[in-house]
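Quick notes on the structure that follows.
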Amino acid sequence: MKWDLTLPSLHKAYEGYFLLGNIYSPDDLGQSDTMGMFLHHYNAVTAENIMKPVHVTSAPGVYDFTRVDKLVDYATENGLKVIGHTLVWHGQSALWLNRHPDGTPLSRDEAKKNLEDFIKTYAGRYSGRVHSWDVINEVFRDDNIPFTGNWRDHLRGRSDNVNAVGHWYLAYGNSGDYIFDAFYFTRKYDPHAKLFCNDYNEEYPTKREAIAHMVEDINAQWRGHPEYDGRLLIEGIGMQAHCNQNTNLLWVRESIERFIKTGAALAVTELDITFGSRENPAVPLTREQAVRQMEMYETLFTMYIEFSAYIDRITFWGKDDGKSWRSWGSPVLFNADGSAKEVFHRVINVSSTVPSTASASETTIVSS
């Protein structure tokens with residue numbers, strides 16, 4: 001694939017606002033055009049899959065960091081900020097961490113020991129080389145019920161959907177205490193990295209409140225800890241931002257404003273906007289759909305600049321439409337052949353036409 005490196009650089013367009021990233025794989029490292037494109041447009045890198053637990057460990061004491069080492073070495077050599085994605089997740093996670101071979105939960109003590117051993121081995125290996133860790137990923141359910149006032153009521157636990165079971169929750173005796181432990185161990189073994197929680201559908205009102213209350217509660221718990229040093233334990237909230245043509249952008253704004261009030265930084269961690277039809281993936285977007293997608297990207301980036309004082313980074317989830325996990329929905333800024341879509345130019349244009357208006361004095365921040 002031939003990329004046009006005469007195009008304006010995305011990360012330079014947003015320099016001074018936030019980091020601008022995308023996903024990358026060691027498989028891309030032998031492709032000089034792709035490598036050149038990435039360094040041209042991005043200054044932060046997230047591994048789409050290879051840093052997830054199941055790809056680095058298969059059994060107690062058995063680890064393979066070969067592919068992660070390649071990615072981290074490449075990023076370090078080229079000045080890219082590495083995003084560690086992810087340590088604690090219900091998906092793509094090695095069985096031994098929180099379950100017996102038959103799939104039943106370990107005891108709380110066994111799971112806690114494994115959690116510490118895993119984070120010590122993994123996060124400790126890259127201590128000082130990772131910009132931030134997505135310590136926990138997708139720990140909340142997609143509830144159709146209002147927020148109860150207690151974030152623990154909305155955590156993943158037992159589920160009829162085998163792919164949605166919260167195994168850490170069950171191993172900890174139906175408790176969300178594993179979340180504090182995950183952040184505590186990550187801080188202990190990689191004190192240099194910023195620590196984030198990460199979730200999707202984060203703009204939905206119930207999940208928004210559950211996330212915000214969790215961050216506030218755990219950071220309050222941390223302030224009473226004997227090792228508290230004035231720094232937040234959960235330092236950031238990752239908003240995946242897997243949007244579609246029906247995403248409520250008013251809810252997105254309300255979530256940004258709510259999350260800011262926790263005192264944590266924000267990151268947009270997996271941005272894409274799908275249009276079109278999964279049932280008819282070969283059908284290109286209509287002009288109307290393409291225009292609406294451009295308008296949504298413009299609205300989001302206008303919002304991101306407005307709140308840029310609180311945003312650490314924006315990361316796209318896909319280098320081009322052909323390689324996107326949602327390729328059927330034409331979700332990102334480049335066509336499958338690497339050419340820039342019209343929406344690319346609209347996103348670039350936002351950076352030069354919208355002033356940043358947010359400042360720390362304009363929003364109430366919870367003291368750390």
List, in order, the whole-Hz ³J(HN,Hα) value for each residue of the stretch 7-12 obtained from phi through the Karplus relation with A = 6.51, B = -1.76, C = 1.60 and θ = phi - 60°; use x for Gly and Pro. 5, x, 7, 4, 5, 6
Which number comes out as Rg/Rh for the stretch 154-206 once both Rg and the Kirkwood Rh are worked out on C-alpha atoms? 1.03
Under 5 Å between amide H atoms, partner at least 5 residues away or on a different chain: which partners does residue 194 have, H built in plane at 1.01 Å? 132, 133
Over the stretch 54-126, relative contact order from alpha-carbon pairs under 8 Å, at least 6 apart, %: 26 percent
Quick one: longest stretch of the chain between exposed loop GluC sites (Glu not before Pro), exposed meaning at most 14 other C-beta atoms within 10 Å and loop per DSSP? 16-226
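I need the fraction of alpha carbon pairs in the stretch 79-201 separated by more than 27 Å, rounded to a whole percent.
When every Cα pair of the stretch 79-201 is considered, 18 percent fall beyond 27 Å.
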Specify the angular offset, from 0 to 90 degrees and rounded to the nearest 10, of the alpha carbon long axis of helix 205-223 from the longest principal axis of the alpha carbons in the chain. 50 degrees
Could you pull out the trypsin sites (Lys or Arg not before Pro) across the stretch 244-308 that fall in loop regions by DSSP (anything but H, G, I, E, B) with no more than 16 other Cβ atoms inside 10 Å? 261, 278
Given charges at Cβ of Lys, Arg, Asp, Glu: the stretch 145-234 dipole, positive-most of 176, 189, 213: 189
State the extension gain, in nm to one decimal, for the chain segment bounded by residue 251 and residue 73, taking 0.36 nm per residue of separation less the distance between their alpha-carbons. 60.2 nm
With residue 351 itself left out, Lys, Arg at +1 and Asp, Glu at -1 over residues whose Cβ is under 10 Å from its Cβ give 0
Please give me the summed charge of the neighbours of residue 200: other residues whose Cβ is under 13 Å from its Cβ, Lys and Arg +1, Asp and Glu -1. -3
For the stretch 240-313 and the stretch 132-193, write down the distance between their C-alpha centroids in whole Å. 24 Å
Cβ-based net charge around residue 273, under 14 Å, with every Lys or Arg adding one and every Asp or Glu removing one: -3
Cα convex hull volume per residue for the chain, in Å³, equals 143 Å³
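No value in this document is a laboratory result; all are computed from the given coordinates. Remember, it's a predicted structure, so these values are computed and weren't measured experimentally. When we count neighbours, we look across all protein chains shown, and the Cβ atoms used for this are built from the backbone with ideal geometry, even at glycine.
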